[in-house]
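The values are calculated or read from the model by the stated rules, or taken from the named source; none is laboratory data. Bear in mind that the values here come from a model prediction, so they are computed numbers and not experimental data. Here Cβ is always computed from backbone atoms with ideal geometry, including for glycine, and neighbour counts include all displayed protein chains.
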Amino acid sequence: MSDNSPLNADINYFIQCPHNVNGSLNEFHTLLIDLSLAETVISQGIYHRTLSEINSFINNQQFEYEVKLGLTDAELNNYIKLFDTFADHKKIRKAERFRLKAYNDNGILAVSYIKQQGEFICINFYRATKQRATNLYSFHLKHTLNNKFNNSHIGRAHRALHWLDILAFKKAHAAYYDFCGWYNGQEDKDLLNINQFKEQFTQHKVKEYSGVIYKNKLLLFLKKLR
C-alpha cells in the first residue's frame, strides 16, 4: 500500500513506504540502484574487484541464464524446494510459499538463475513491478553440487547473476533494483556479511517504513493479546 492511501481496510499493510504513516510503522533500510542511469554509470558504482569477477565469469564461462515470469505451479514449487534445501542447510526460515504464490498469481513474481553443466548454481526471487525489482531471496546451491564447483567459482556466478538481473530489469524499464534489506546494526555477523555482499554493488542506502495498521479496534485488541 502507498503511504498516501486512505486507511479504508480493517487491516492495512504497508511495504517500504517513504514516510512513517501515523507514526505506526517500522524502519526498514535497504540499498537501491537507479535503473534509469546508463549501464556504464551503474557499473562504476560496483566495487572494482567485484566487477572484474563478474566480467571474468561472463566472458570466460559457458552458462545458462534466464529470468522467468509467469511460472507454472510445478516450476514455482521446484524453485521453492530448492530454496528450502538451502534454508535447511543454513538453518534459516524457509520460503514464504503463500506470498510467492500470490505474487505469481498476480504476475509480479520473477525467478532468475544461472546453470552450468545442467546444474543450478544460484537463484534469485523477485517481486517485479515497474517501480522496483525487489530481491526477495538470493541463494546458491553449493550444498547440492558435491564439490563440482569451488567457493570462488560459485561466488563469481552469484555476483554475475545479480549483475545480469540488474541489466535485465533495466531493459524491462523497472525504475529501481532493490536489494530488499540492509541490516542497520552491529551484532549479527551473518547479516553484516550479507550487507558487505550487497554493498559491492551500490552504496545508495535509503530508510523506508513497513508494517501493519489496524483500523478495526477489535483486531488491534486481539493483536495486542498475542
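Residue-wise test of (1) out of contact with any Ser or Thr (no Cβ under 8 Å at 6 or more places or on another chain); (2) within 22 Å of VAL41 (Cα to Cα).
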residue: ARG127; (1), (2): no, no
residue: GLN131; (1), (2): yes, yes
residue: THR134; (1), (2): yes, yes
residue: TYR137; (1), (2): yes, no
residue: HIS140; (1), (2): yes, no
residue: LEU145; (1), (2): yes, no
residue: ALA168; (1), (2): no, yes
residue: ALA172; (1), (2): yes, yes
Condition (residue is modelled with pLDDT under 95, touching a Leu at 6+ places or on another chain (Cβ under 9 Å) and more than 23 Å from PHE169 (Cα to Cα)) applied to the stretch 118-125: is it met by at least one residue? no
Report the residue count in the stretch 185-197 for those that are at pLDDT 90 or above and either in contact with a helix residue (DSSP H, G or I) (Cβ under 9 Å, 6 or more places away or on another chain) or not in a helix (DSSP H, G or I) (or both). 1
With the checklist (1) out of contact with any Lys or Arg (no Cβ under 6 Å at 6 or more places or on another chain); (2) of a type outside the set (D, E, K, R); (3) crowded, with 21+ Cβ neighbours inside 10 Å in hand, flag the one item VAL111 doesn't pass. (1)
Just one of the numbered conditions (1) modelled with pLDDT under 95; (2) in a strand (DSSP E or B) is not true of HIS143; which one? (2)
Can LEU31 be described as within 20 Å of GLN203 (Cβ to Cβ) and part of a loop (DSSP other than H, G, I, E, B)? no
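Would you pick out the residues in the stretch 46-88 that are among the small types (Gly, Ala, Ser) and over 17 Å from HIS158 (Cβ atoms)?
Our first condition is that a residue be among the small types (Gly, Ala, Ser); within the stretch 46-88, this holds for 52, 56, 70, 74, 87.
Hits for the stretch 46-88 are GLY70, ALA74.
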Looking only at the stretch 59-76, filter to residues that are among the charged types (D, E, K, R) and in a helix (DSSP H, G or I); which one of those is surrounded by the most Cβ atoms within 10 Å (Cβ to Cβ)? GLU75
Among the residues of the stretch 78-91, how many are surrounded by 13 or more Cβ atoms within 10 Å (Cβ to Cβ) and either of a type in the set (Gly, Ala, Ser) or over 17 Å from ILE121 (Cβ atoms) (or both)? 3
Output the residues belonging to the stretch 77-124 that are among the basic types (Lys, Arg) and assigned to a helix (DSSP H, G or I). LYS81, LYS90, ARG97, ARG99, LYS101
First in the stretch 61-73 and on the phi > 0 side of the Ramachandran plot, second anywhere and aromatic (Phe, Trp, Tyr) and surrounded by fewer than 11 Cβ atoms within 10 Å (Cβ to Cβ), Cβ under 8 Å, 6 or more apart: none
